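Just so you know, all these numbers are worked out from the coordinates, no wet-lab data involved. Given the structure is predicted, the values throughout are model-derived calculations rather than measurements. When we count neighbours, we look across all protein chains shown, and the Cβ atoms used for this are built from the backbone with ideal geometry, even at glycine.
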């Protein structure tokens with residue numbers, strides 16, 4: 001089951017956070033954009049599992065589209081809606097993996113078990129970077145118009161990507177103490193801003209804690225998932 005779930009989860013994050021463009025996300029209330037998104041979900045699942053005509057993947061795609069439609073109709077354009085949407089998708093992935101655990105074993109890539117840890121790593125990286133950026137942005141959106149931003153127009157996003165990527169790498173390399181040094185370094189660099197403007201300081205603290213927390217939890221989940229998959233000769237991982 002873990003092999004099938006790993007492949008399905010990789011397909012999910014690929015379809016939702018890599019292949020889904022800003023245009024698709026903005027236009028999913030239109031039938032054409034939603035159908036395009038559904039086609040990408042199905043294609044990603046087919047490629048990841050090596051199954052080209054499985055009714056389970058068709059059912060998974062239909063469930064994905066229905067969940068997205070419910071999110072759009074409910075107007076859940078906030079962090080709670082995003083988390084609920086992703087939780088619902090996770091449930092469908094678990095159900096399909098439990099009911100059809102042989103999707104991976106009977107697929108085209110069954111003889112390449114080394115793909116599974118690579119999929120797990122890629123999934124974790126996408127969740128840390130892309131999904132993390134979206135989640136933190138949703139969390140900070142209500143506070144964004146209350147602060148004055150004199151920095152680079154895209155600086156905050158790039159800093160967030162870099163810090164989450166570094167945390168992900170440090171934890172997977174078995175160097176969690178490095179996360180503490182990263183927190184200390186950012187605190188020192190932000191000290192001047194914090195002492196001049198309390199509102200901006202609180203904004204930065206909330207965003208930083210959310211970004212760090214997301215990265216730590218994702219990295220730890222990825223590390224634990226890799227312990228149940230065929231070994232990957234890049235990191236020395238402990239279960």
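If residue 33 satisfies every condition in (1) touching a helix residue (DSSP H, G or I) at 6+ places or on another chain (Cβ under 6 Å); (2) more than 27 Å from residue 118 (Cα to Cα); (3) touching a residue at least 40 places away in the same chain (Cβ under 8 Å); (4) crowded, with 17+ Cβ neighbours inside 10 Å but one, which is the exception?
All conditions pass for residue 33, except number (3).
Take segment 214-231 and flag every residue that is surrounded by 18 or more Cβ atoms within 10 Å (Cβ to Cβ) and not in a helix (DSSP H, G or I).
Once the filter is applied, which keeps residues that are surrounded by 18 or more Cβ atoms within 10 Å (Cβ to Cβ) and not in a helix (DSSP H, G or I), segment 214-231 yields only 229.
Checking the structure you have, find out if any residue of segment 98-109 is under 23 Å from residue 127 (Cβ atoms) and under 20 Å from the mean Cα position of the chain (by Cα).
There is no residue in segment 98-109 that is under 23 Å from residue 127 (Cβ atoms) and under 20 Å from the mean Cα position of the chain (by Cα).
State all residues of segment 94-117 that are surrounded by fewer than 20 Cβ atoms within 10 Å (Cβ to Cβ) and part of a helix (DSSP H, G or I); if no residue qualifies, say none.
Within segment 94-117, 94, 95, 98, 99, 101, 102 qualify.
Suppose we keep only residues that are assigned to a loop (DSSP other than H, G, I, E, B) and more than 15 Å from residue 67 (Cβ to Cβ) within segment 14-31. Which one would you say is farthest from the chain's Cα centre (by Cα)?
Per the criteria, the residue is 30.
Testing residue 83 on (1) assigned to a helix (DSSP H, G or I); (2) over 16 Å from the mean Cα position of the chain (by Cα), one condition comes back false. Which one is that?
(2) is the only condition that residue 83 fails.
Does segment 4-13 contain any residue that is part of a helix (DSSP H, G or I) and over 23 Å from residue 129 (Cα atoms)?
Checked segment 4-13: at least one residue is part of a helix (DSSP H, G or I) and over 23 Å from residue 129 (Cα atoms).
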